[in-house]
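Shown next, in structure tokens, is the structure this report addresses.
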Amino acid sequence: MTAPVPEFPAGFLWGVSASAFQIEGSLTADGRGPSSWDAFTGEEGRVKDGSRADVTTDHYRRYREDVALMAELGVGAYRFSVSWSRVLPEGHGRVNDKGLDFYDRLVDELCASGITPVPTLFHWDTPLALEKDGGWLNRDTAERFAAYASVVAERLADRVPRWITINEPAEVTLLGYGLGEHAPGRRLVFDALPAAHHQLLAHGLGVQALRAAGAREIGIAASHSPIWTAGDSDDDRAAAELYDTLTNRLFADPILTGSYPAGLGSLLPGPVEEDLKTISEPLDWYGINYYNPMLVGAPQPTAAAAAEASAGSSFGGIEIPPDLPFTIGQIEGRELTDFGWPVVPDGLRELLGIMRERYGDRLPPLYITENGCSYGDGPDPETGRIDDARRVAYHDGHVRALHEAMAEGADVRGYFIWSILDNFEWAEGYRQRFGLVHVDYETLARTPKESFAWYRDLIKSGR
């Protein structure tokens, strides 16, 4: 039997996460406007299984059932996202009260169940009207975001103690605008950098707007990974450093230090130095989404290697163009999730050490706002039981690694599992299942997995 998980400090927050586009469905209900992801999933070939998110888990109508599952699980918090275009169908201007009413009801249901609501204001689903005007390449989108943040906070701040401005601006920039693998499907490579700056500016303006509306405890949910160097050459080290800069430091440095990594500021639009004062608005906490380290090296110069890499590389279903100044490798000797991601629990401890070393006393208290794995285990045809032992082992290992990091000095206040439900996994469609709860996409029946029971028991133990 596995040894008990070490004891965590009193008050440590155990939670679960989800996002609006992935679970709500009801894309045209009650005045919701279309988003960039509505348009993207409507284009042939964009989603690998050809599916759409019109229904997904039907959380919009079944939220009470889902909150009851969270109450059974015993979590202290639910991190969800607000659909910007459900609240402001055009991204600005007219407020859709029916859309806000849904989040009112959801927050009330959570509070009545003793679960802290933790809304994320932007989780990738840009209102389509704003996307057509340039989306995150357009500076105006940052101003629109701040106005939207005010609308939501004015309605919910009396019951919501903790807020997230933006989820994973790196992925929106790199996958949405850089590589075209996610909405809006642009392939701009390094010309996507303005999208990074404008999201960061939106974050800073959003912090200001939230505080002005009475919101407290404000943070961001940023993706971070340790970057491992694939080889011993200077070129390999330079490639890994560049990748670290583009995926980690480009987003954390401006928020936590008020400056961009050397050489990047001149590539970004607008009055950068003035913007950095807004971007670096002090935070109450900082959220980290961790999944795995990345193995990065230099492009191979030999003719044979060049021929082999002529189509680029891939990682977790994401195609990497062959003309970038780095390659992404597969970490050997590790179990892979069904998404092809390596399982490296100690990478979380390593990452938290890097953040402490890099940012020192500029680093506010931390929350692990996402950590999860995709495994396709389904119900046993005879018993109905879902024995997802690999997911249990994954989270057990990561929780232990987190405890070690905290023993080494990391100030982490909570841990959120991604995700409470199986859901629409972006460009993968329904091919990947991250949930503690299995969803039958034909009947929409919810079935807690063994990982649900494991997490419930961990929370109940008070550890």
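Results for (1) open to solvent by 10 Å² or more (accessible area, probe 1.4 Å); (2) on the phi > 0 side of the Ramachandran plot, shown as yes or no for each residue.
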position: 82; (1), (2): no, no
position: 93; (1), (2): yes, yes
position: 113; (1), (2): yes, no
position: 126; (1), (2): no, no
*Matching residues in the range 136-147 - criterion: being surrounded by 23 or more Cβ atoms within 10 Å (Cβ to Cβ) and either touching a Phe, Trp or Tyr at 6+ places or on another chain (Cβ under 6 Å) or more than 18 Å from residue 219 (Cα to Cα) (or both)*: 136, 141, 144
*Would you say residue 186 is open to solvent by 10 Å² or more (accessible area, probe 1.4 Å) and either under 25 Å from residue 45 (Cα atoms) or outside any helix (DSSP H, G or I) (or both)?*
yes
*Out of all the residues in the range 413-462, which are assigned to a loop (DSSP other than H, G, I, E, B) and among the acidic types (Asp, Glu)?*
422, 425, 440, 442
*Pick out the one residue from 39, 20 that is more than 30 Å from residue 456 (Cβ to Cβ) and hydrophobic (A, V, I, L, M, F, W, C).*
39
*Mind listing whichever residues of the range 4-32 are in contact with a Ser or Thr (Cβ under 8 Å, 6 or more places away or on another chain) and part of a helix (DSSP H, G or I)?*
20, 21, 22, 23
_I'd like to check something: does the range 401-415 contain any residue that is of a type in the set (Phe, Trp, Tyr), open to solvent by 40 Å² or more (accessible area, probe 1.4 Å) and either in contact with a Leu (Cβ under 9 Å, 6 or more places away or on another chain) or touching a residue at least 60 places away in the same chain (Cβ under 8 Å) (or both)?_
no
*Taking only the range 212-236 into account, find how many residues are without any contact (Cβ under 8 Å) to a residue 60 or more places away in the chain and surrounded by 17 or more Cβ atoms within 10 Å (Cβ to Cβ).*
0
_Looking at the range 363-374, I want the residues that are open to solvent by 10 Å² or more (accessible area, probe 1.4 Å) and have a partner that is acidic (Asp, Glu) with Cβ atoms under 6 Å, at least 6 apart or on another chain. Which pairs are those?_
365/411
*Does the range 64-74 contain at least one residue that is modelled with pLDDT of 95 or more, touching a His at 6+ places or on another chain (Cβ under 8 Å) and either part of a helix (DSSP H, G or I) or farther than 28 Å from residue 38 by Cα (or both)?*
yes
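The values are calculated or read from the model by the stated rules, or taken from the named source; none is laboratory data. Since the model is a prediction, treat every value here as computed from it, not as a measurement. Cβ: placed from backbone, ideal geometry, glycine included. Neighbour counts: every protein chain shown. These accessible areas exclude ligands, DNA and RNA; they are computed on the full protein's heavy atoms, side chains included. Shrake-Rupley method; radii C 1.70, N 1.55, O 1.52, S 1.80 Å.
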